[in-house]
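K.L.:
Below you'll find the structure I mean.
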Amino acid sequence: MITNEGSEHHHKKFMPIDTLAISKRLQASGVSRKQADTQAEIWNEIVNSNIATKHDLDNFQLAVKNDIDNFQLTIQNDMENFKIVVKNDMARIEEKIENSNLSIRESTLLSIEKIKTDMLRWVIPIVIGQVSVFVLLAKFLGIH
């Protein structure tokens, strides 16, 4: 009793199973006719419910291709967003480095000015003192 009744999908194909032969073999081994027929029908349903048709495989292939395409788009978008984030981060880092360099330059110039001021504060009195010593020494030695 080979059938393809109860087909959910008009593309669904069934693998022919000789349910009559299965039933007769089960009956020959001592199984009642009702049980043998039921088991044969169950095997028919199990086998045919798990068979993929070309249409099923084509649909699956299309779904997988769409998933892969969507995944590739997602990856590309993520990479573009990552590039933008990295570019912005690099710009901020470069700005911070430039600001640090300016700060270091300003600090160095201020330090140099302070050193110049301190040196002038000490050098001028020393030079005046040395000139005074030379003038006194010249007077003492009689050099005009």
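The values are calculated or read from the model by the stated rules, or taken from the named source; none is laboratory data. This structure is a prediction, so every number in the text was calculated from the model and none was measured. Heads up, the Cβs are rebuilt from the backbone with ideal geometry, glycines too, and the neighbour counts pull from every protein chain shown.
K.L.:
Can you run down the residue pairs with Cβ atoms below 8 Å, 6 or more apart or on separate chains, where the first is in the range 13-24 and among the hydrophobic types (A, V, I, L, M, F, W, C) and the partner is modelled with pLDDT of 85 or more?
P.N.:
ILE17/ALA40; ILE17/TRP43; ILE17/ASN44; LEU20/ALA40; ILE22/ALA36; ILE22/GLN39; ILE22/ALA40; ILE22/TRP43
K.L.:
Right, here's the next one. Looking at the range 107-114, is at least one residue outside any helix (DSSP H, G or I), among the β-branched types (Val, Ile, Thr) and surrounded by 10 or more Cβ atoms within 10 Å (Cβ to Cβ)?
P.N.:
no
Residues checked against (1) assigned by TED's automatic domain parsing to the domain that holds PRO16; (2) closer than 30 Å to PRO16 by Cβ; (3) part of a helix (DSSP H, G or I); (4) under 16 Å from the mean Cα position of the chain (by Cα):
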{"site": "PHE60", "(1), (2), (3), (4)": "no, yes, yes, no"}
{"site": "LYS65", "(1), (2), (3), (4)": "no, no, yes, no"}
{"site": "THR74", "(1), (2), (3), (4)": "no, no, yes, yes"}
{"site": "ARG92", "(1), (2), (3), (4)": "no, no, yes, no"}
{"site": "GLU95", "(1), (2), (3), (4)": "no, no, yes, no"}
{"site": "ASN101", "(1), (2), (3), (4)": "no, no, yes, no"}
{"site": "ILE104", "(1), (2), (3), (4)": "no, no, yes, no"}
